[in-house]
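What follows is a single structure, written as structure tokens, with notes after it.
The values are calculated or read from the model by the stated rules, or taken from the named source; none is laboratory data. Bear in mind the structure is a predicted one, so any value in this text is a computation, not a measurement. Cβ placement follows ideal geometry from the backbone for every residue including glycine, while neighbour counts extend to all protein chains displayed. All accessible areas refer to the heavy atoms of the entire protein, side chains included, with ligands and DNA or RNA removed. Shrake-Rupley method; radii C 1.70, N 1.55, O 1.52, S 1.80 Å.
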Amino acid sequence: MTELDRFKADLEILGFDETLETIIDGHQCYVHRTSAISGGHLCGYVEACVSDPNELDVHGGVTWNDGLTHITNPKTNLIGFDCAHACDWSVRVPYGRYKDVDFVLNELKNLVSQLPASALEEGYQDDRY
């Protein structure tokens, strides 16, 4: 199966500009596929607040630490990563290996396992808001 075939099959699970929600070990998580214009690559996010998210080990490193209004309430902090790196296949960059929904879910499990217990505290107030 080619990377394009894998991508097309994965579109049946999660279409362009759609978000899949799941809970992993008590953390609200999201798998989001970007629009076709952006290449349709996947991103993974977890609702969490940590003092230094750059210390977390996840595919391509943490590339997001803020709110996203198209996924959650803007005051909800999301830590995320994307699958649009040089080694990641996408429609716009058809080289490397396509990272599918299962890959992103596994990376989210990995990310959640690294979070401190305080990352899930209710009532956490980010001073940016």
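A compact table of results
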item: Whole-Hz couplings from phi, Karplus 6.51/-1.76/1.60, listed for region 28-43; x for Gly and Pro; result: 6, 10, 9, 10, 10, 9, 5, 5, 4, 4, 7, x, x, 6, 9, 10
item: Virtual paramagnetic centre 7 Å along Cα→Cβ of GLN28, amide N under 16 Å, in region 60-96; result: 66-80
item: Probe 1.4 Å, protein heavy atoms only - accessible area per residue of the chain in square angstrom; result: 55 Å²
item: Hits among lysines - C-alpha to C-alpha of LYS8 under 26 Å, sequence gap 8 or more where chains match; result: LYS99, LYS109
item: Region 54-123: projected area of the alpha-carbon convex hull, averaged over directions, in nm²; result: 5.6 nm²
item: Over region 38-84: Kirkwood hydrodynamic radius from C-alpha pairwise inverse distances, Å; result: 11.1 Å
item: All Cα pairs of the chain, percent lying beyond 16 Å; result: 60 percent
item: Only Lys, Arg (+1) and Asp, Glu (-1) charged, at Cβ; region 1-126 dipole about Cα centre in debye; result: 380 debye
item: Calculated P(r) of region 3-45 - Cα pairs past 16 Å, %; result: 37 percent
item: Listed peptides 60-69, 34-43 by packing density, highest first (mean Cβ within 10 Å); result: 34-43, 60-69
item: Heavy-atom accessible surface of region 3-129: percent carbon and sulfur, 1.4 Å; result: 48 percent
item: Angle in degrees between helix 101-114 and the longest Cα principal axis of the chain, rounded to the nearest 10; result: 20 degrees
